[in-house]
Amino acid sequence: MQSSQEFVKSVNSFSEIPKFQLPEIVLCGRSNVGKSSFINSLFNKKNLAKISSTPGKTRSLNFYLIDKKYYLVDMPGFGYAKISKTEKLRWANIINEYLNNSKNILAVFHLIDARHEPTKLDIDLHSFIKSLGINLLTVLTKIDKLKQSEIALQKKEIVKFFPELINNDNYFLYSSITGLGKNEVLKKIKSLFII
Ligand SMILES: Nc1nc2c(ncn2[C@@H]2O[C@H](COP(=O)(O)OP(=O)(O)OP(=O)(O)O)[C@@H](O)[C@H]2O)c(=O)[nH]1
Ligand SMILES: [Mg+2]
């Protein structure tokens, strides 16, 4: 089946967030973890979402309409040291308000770089999303940078932090470069629409 994706809107403040009538699937995680690359690779697009090797590339909430069925929402990353404290707080508030108030969030993908342990910010975000009762899906990104033995180790490590994680159910190994995990993630997204 032909799939369609279109960039719809870029938002810089909570009041600008559109009240869409379709479900929203949100991407969040530390800056540079690969959120924008995740969007591009899922749909085999090079430039749908802007990516950069410099952290802090995505500075607004970006809404993409997928198959005229749901919105994928690319969030600015957190934890990027070079952003001013005021800017960080401003974004933390927008993200908080959005996650707290949007009635249409179907799931949140929380991306974590597979090479590193989840940080305190990751752990706090994980609990926060769960406390809101939102369907939380964890993705370990940049798997192509790990050896098989390191992947096995990380799979063991991640459940020490988040014991409820089950591979290919509520967490996925992913590589935007090799496409690993793509089918599993797309399948998961599809299943979210079957109640
Ligand atoms: N090797 C490898 N590199 C990746 C992968 N995903 C992303 N990258 C690289 O990581 C860098 C950051 O990717 P982005 O997709 O811009 O990350 P982001 O999370 O959107 O970053 P912010 O917008 O700053 O929050 C870029 O140089 C990407 O090419 C991956 O799966 N494997
Ligand atoms: Mg980005």
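The values are calculated or read from the model by the stated rules, or taken from the named source; none is laboratory data. The shown structure was predicted, so the numbers you read here are calculated from the model rather than taken from an experiment. Because the Cβ atoms are built from the backbone with ideal geometry, glycine has one as well, and the counts that use them run over all protein chains shown. Just the protein is used for accessible areas: all its heavy atoms, side chains included, with ligands, DNA and RNA removed. Shrake-Rupley method; radii C 1.70, N 1.55, O 1.52, S 1.80 Å.
Using modelled amide H (1.01 Å from N, peptide plane; none on Pro or chain starts), what sits under 5 Å from the amide H of LEU111, excluding residues fewer than 5 places away?
Amide H to amide H, under 5 Å and 5 or more residues apart or across chains, LEU111 pairs with CYS28, GLY29, VAL139.
What net charge is computed for the residues neighbouring PHE193, neighbours being all others with C-beta under 11 Å from the C-beta of PHE193, Lys and Arg scored +1, Asp and Glu -1?
Residues close to PHE193 contribute a combined charge of +2.
Can you tell me which aspartates and glutamates have their Cα less than 15 Å from the Cα of LYS155? Leave out same-chain residues fewer than eight positions away.
In chain and number order, the partners are ASP113, GLU117, ASP144, GLU164, ASP169.
Residue-wise, which Karplus ³J(HN,Hα) couplings in Hz belong to the stretch 15-21, taking 6.51 cos²θ - 1.76 cosθ + 1.60, θ = phi - 60°, and x for glycine or proline?
5, 7, 5, x, 9, 7, 9
Leaving out ligands and nucleic acids, and using a 1.4 Å probe, what accessible area per residue does the stretch 5-192 come to in Å²?
Using a 1.4 Å probe on heavy atoms only, each residue of the stretch 5-192 averages 51 Å².
Please give the net charge around ILE143, taking every other residue with its beta carbon less than 13 angstrom from that of ILE143, where Lys and Arg add +1 and Asp and Glu add -1.
For residues surrounding ILE143, the net value is +2.
What whole-number distance in Å separates the alpha-carbon centres of the stretch 133-195 and the stretch 13-35?
20
Can you pick out the pairs among LYS19/LYS145; LYS68/LYS120; LYS46/LYS103; LYS85/LYS190; LYS120/LYS147 whose Cα atoms lie more than 29 Å from each other?
Result: LYS19/LYS145; LYS68/LYS120; LYS46/LYS103; LYS85/LYS190 exceed 29 Å.
What list of ³J(HN,Hα) values in whole Hz, one per residue of the stretch 109-115 in order, does the Karplus curve 6.51 cos²θ - 1.76 cosθ + 1.60 (θ = phi - 60°) give from phi, with Gly and Pro shown as x?
8, 9, 8, 10, 5, 4, 7
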